[in-house]
Amino acid sequence: MVAIEKGLEWTLVPTDSSSAEHIARHPFGKTPAVEVNGHLLIESDAICRYLDDVFDGASLIPDDALEQAEMTKWMGFVQAYMFPTTEFGLVMPRLIAPLMGRPVDETRVEKALPTIQYQLGLLEAALDGRTFIASDHLTLADIYLFCTWMAVAHTDEGKVMLHHSPNVTRWMSYLGSRESARRTAWPEG
Ligand SMILES: N[C@@H](CCC(=O)N[C@@H](CS)C(=O)NCC(=O)O)C(=O)O
């Protein structure tokens, strides 16, 4: 989404994240790892801030120091709390495990749901009357949050929670209509 918002072209390279080749790129075997202008970059924060800094196009980082702090706070919420809880507590066990031929760990999902609901409640309250989370324009925080909660929205539990979160639903529907979201959306089904 960041690349598209900045008007950049990119190629996705399917990778075995546990391979020696990938560990050489990322010592913890994670994605994303990107090559930009001959530089290997890892970790979303580093990648996104670099892309925003060095390429033209509307800036995804506010100039205002307080708005920038707000953006960084929400990016931190995603990195430290929201992504780990939603990914390992719901998205992986509910959607990815069956794709890999493994059973759904219902106990894990059941345990994570109250925390996910609490985190969604924070976002719901913060988006009251707002189009974007940290500024009057799109920032990296909107993109981090959108990607995280879009994955949740693919689960049945997530659909129910979002149905009761009108501010998040409105904000997701607007962000989801942007070209950057449409071109990077998960396939349906
Ligand atoms: N802090 C890292 C998190 C990276 C991360 O957890 N990536 C996930 C995909 S979104 C991953 O590689 N999961 C595969 C795995 O853990 O094996 C970042 O921001 O880039």
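The values are calculated or read from the model by the stated rules, or taken from the named source; none is laboratory data. This structure is a prediction, so every number in the text was calculated from the model and none was measured. Glycine gets a Cβ as well: all are built from the backbone with ideal geometry, and neighbour counts include every protein chain shown. Please note that ligands, DNA and RNA were not included when accessible areas were found on the heavy atoms of the full protein model with its side chains. Shrake-Rupley method; radii C 1.70, N 1.55, O 1.52, S 1.80 Å.
Summary of values
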{"read-out": "Of all residues making up the stretch 49-66, the number that are free of Cβ contacts under 8 Å to residues at least 40 places away in the same chain and either among the acidic types (Asp, Glu) or within 13 Å of the ligand (Cβ to nearest atom) (or both)", "value": "3"}
{"read-out": "Among the residues listed as 46, 69, 33, the single one being surrounded by fewer than 15 Cβ atoms within 10 Å (Cβ to Cβ), within 10 Å of the ligand (Cβ to nearest atom) and at pLDDT 95 or above", "value": "46"}
{"read-out": "Of all residues in the stretch 9-19 being of a type outside the set (D, E, K, R) and touching a helix residue (DSSP H, G or I) at 6+ places or on another chain (Cβ under 7 Å), the one that is nearest to the ligand (Cβ to nearest atom)", "value": "15"}
{"read-out": "Residues (of a type in the set (A, V, I, L, M, F, W, C) and either more than 16 Å from the ligand (Cβ to nearest atom) or not in a helix (DSSP H, G or I) (or both)) located in the stretch 79-98", "value": "none"}
{"read-out": "Filter result for the condition that a residue is small (Gly, Ala, Ser) and in a helix (DSSP H, G or I), over 129, 76, 101", "value": "76"}
{"read-out": "Selection status of residue 22, farther than 30 Å from residue 114 by Cβ, within 14 Å of the ligand (Cβ to nearest atom) and modelled with pLDDT of 95 or more", "value": "yes"}
{"read-out": "Verdict on residue 148 being open to solvent by 70 Å² or more (accessible area, probe 1.4 Å) and not assigned by TED's automatic domain parsing to the domain that holds residue 6", "value": "no"}
{"read-out": "Test set (1) in contact (Cβ under 8 Å) with a residue 12 or more places away in the chain; (2) of a type outside the set (Gly, Ala, Ser); (3) touching a helix residue (DSSP H, G or I) at 6+ places or on another chain (Cβ under 8 Å) - residue 26 fails condition number", "value": "(3)"}
{"read-out": "Some residue of the stretch 20-42 being under 30 Å from residue 132 (Cα atoms), of a type in the set (Gly, Ala, Ser) and in contact with a Gly (Cβ under 7 Å, 6 or more places away or on another chain)", "value": "no"}
{"read-out": "Residues being closer than 29 Å to residue 47 by Cα and among the charged types (D, E, K, R) - total across the stretch 110-161", "value": "4"}
